[in-house]
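**Q** Right, I'll just put the structure down here and ask away after.
Rule-based calculations on the coordinates, nothing more; no lab input. As the structure is a prediction and not an experimental result, all values here were calculated from the model. As a convention, Cβ positions derive from the backbone with ideal geometry for all residues, glycine included, and neighbour counts pool all protein chains shown.
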Amino acid sequence: MNGLLRPARRFLSRCMLPVVERAASSYVAGQTVADAMSVAERLQSRGRQFTVGYWDGLGDSPTRIVEEYIAGIRAIAGKPGTYLSIKVPSIQFSAELLRDVITEARERRVRIHFDSHSNEEATDTRTLCETFIDSGVELSYTLPGRWIRSIADAQWLIDCQLPVRVVKGQWPDTHQSERDLREGFLAVIDALAGKARHVDVASHDVTLVREAMRRLRAAGTSCQIELLYGLPMRESLALAEELKSPVRIYVPYGKAYLPYALSKLRNNPRIAWWMLRDFASSFLSAG
Ligand SMILES: Cc1cc2nc3c(=O)[nH]c(=O)nc-3n(C[C@H](O)[C@H](O)[C@H](O)COP(=O)(O)OP(=O)(O)OC[C@H]3O[C@@H](n4cnc5c(N)ncnc54)[C@H](O)[C@@H]3O)c2cc1C
């Protein structure tokens, strides 16, 4: 049965590619770093900080992805309070390729941030980050609250005093039983509070952000709110105002949620139907 399902799903993924791309396009600022910078500069003129990150897609080689990272560094160099977000599984955890990015970042004094990915990729991501910890470039790192290992990783980040972004996490913990997303997030916040150099509270869940910010501030830890371009943020911005917290917005560009969307599509073909419906309705309303 599975033998039949797999080619059928592969066929479905391929047919749905244009639909997925169209549906995902609202989550990125555009295809190019110039697109991302025009959004980022608009945000900056409204008092927001930002990070940009190239989201690669099928067919992007690691060398091509590194070129995008270097273009990103050049674009944001000299802009205070910003950094480049990168995805090291996309460059196959290559220290050689990352060295080019780090060299450029050192010259331009740009911070490099490690996004988190699947649980299986977490150890290689951490190892690569450790390789460059004394490179003279400021590094920072994402911890997903839903993984049990994030508590130990939090201690590592405290020991090396790297700024941390805490997220719920898009990928489940495959090694242990799943934790409640909010409880896991707050457990990581508690592990960092009073000890971490800086924590970015990256969530659109306003109840959770309020509590995380309260705990970090009570412990005297530097913290701020981070939001993702393309997700609803009206309530989050109102909360930031109330808490008098600066806000940084992650502005992705490139191929949208394509890698995530495709893997979700394979696991749950019903998503293809929802996307097709969204696509059809936006097509009809555009006409
Ligand atoms: C700046 C930024 C960077 C990111 N970087 C990464 C990364 O590197 N790696 C990664 O894997 N992911 C990353 N993410 C994505 C993140 O892991 C989440 O998948 C995504 O942000 C959605 O979760 P959320 O916390 O924003 O809120 P959601 O879970 O989408 O919640 C939003 C809404 O649902 C409500 N809600 C949620 N849970 C509950 C509940 N239990 N009870 C009642 N109401 C609830 C909230 O009130 C809110 O209105 C990032 C996100 C941001 C904002």
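**Q** If I model a spin label as a point 7 Å beyond the Cα along the Cα-Cβ vector, how far apart are those points for residue 219 and residue 176 in nm?
**A** Inter-label distance under the simple model: 1.6 nm.
**Q** Using the Cβ atoms and a cut-off under 9 Å, what net charge is assigned to the surroundings of residue 200, where Lys and Arg are +1 and Asp and Glu are -1?
**A** +1
**Q** Can you tell me the length gained on complete extension of the stretch residue 35 to residue 228, counting 0.36 nm per residue apart and subtracting the Cα distance?
**A** 67.9 nm
**Q** For the charge dipole of region 28-280, defined by +1 on Lys and Arg C-beta atoms and -1 on Asp and Glu C-beta atoms about the Cα centroid, which residue among 117, 254, 29 has the Cα displaced farthest towards the positive pole?
**A** 29
**Q** In region 28-280, how many lysine pairs have Cα atoms under 24 Å apart, counting only pairs 8 or more places apart or on different chains?
**A** Taking region 28-280 as the scope, the lysine pair count is 11.
**Q** Let me ask another. Can you order the peptides 222-235, 167-180 by their average number of other Cβ atoms within 10 Å per residue, highest first?
**A** Top of the packing list down: 222-235, 167-180.
**Q** Give a quick list of trypsin sites (Lys or Arg not before Pro) in region 101-159 that DSSP marks as loop, anything other than H, G, I, E or B, with at most 14 other Cβ atoms within 10 Å.
**A** Sparse-neighbourhood loop trypsin sites (Lys or Arg not before Pro): 109.
**Q** If you place +1 on the Cβ of every Lys and Arg and -1 on the Cβ of every Asp and Glu, how big does the dipole about the Cα centre of region 28-280 come out, in debye to the nearest 20?
**A** So the dipole magnitude of region 28-280 works out to roughly 680 debye.
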